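No lab work stands behind these numbers, since they all come straight from the coordinates. All figures in this text were calculated on a predicted structure; none of them were measured in a lab. Please note: Cβ atoms are built from the backbone with ideal geometry, for glycine as well, and neighbour counts cover all protein chains shown.
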Amino acid sequence: MKILVVNAGSSSLKYQLFNMENQTVLAKGICECIGNGGKLIHKRPDMTDYHIDTDLPTHDEAINLVLKILVSPEYGVIKSVSEIDAVGHRIAHGGE
């Protein structure tokens, strides 16, 4: 089972893709400066970090880029997004 976990901030989107069968992180990264330029840092355990400067006007564009890089022949770790069995989103609730 593969689980994609995301944490969306006001101008960033962090992600990790887990393989729960052996409890490993397949890939992780961050989209930064969403709405004000943009860049992606993608990390796999078996390769050098991949950096790309790109236009990320919205969080929609950021998540689309994350999915694209996860299935990329060169930098990806899965062949299809259909391999992702579940998605989790971190939510922090402020309050008293």
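What the table shows:
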read-out	value
Sum of side-chain charges, ALA62 neighbourhood, beta-carbon under 13 Å (Lys, Arg +1; Asp, Glu -1)	-1
Spacing of the two label points (7 Å from each Cα toward its C-beta) at MET20 and HIS51, in nm	3.5 nm
Estimated FRET transfer efficiency (VAL71, ILE91; beta-carbon r; R0 25 Å; 0.05)	0.45
For the chain: relative contact order, % (alpha-carbon pairs under 8 angstrom, 6 or more apart)	27 percent
Where N is the number of residues in the chain, Cα Rg divided by 2.2 N^0.38 Å	1.08
Highest to lowest packing among 42-52, 21-31, scored as the average C-beta count within 10 Å	21-31, 42-52
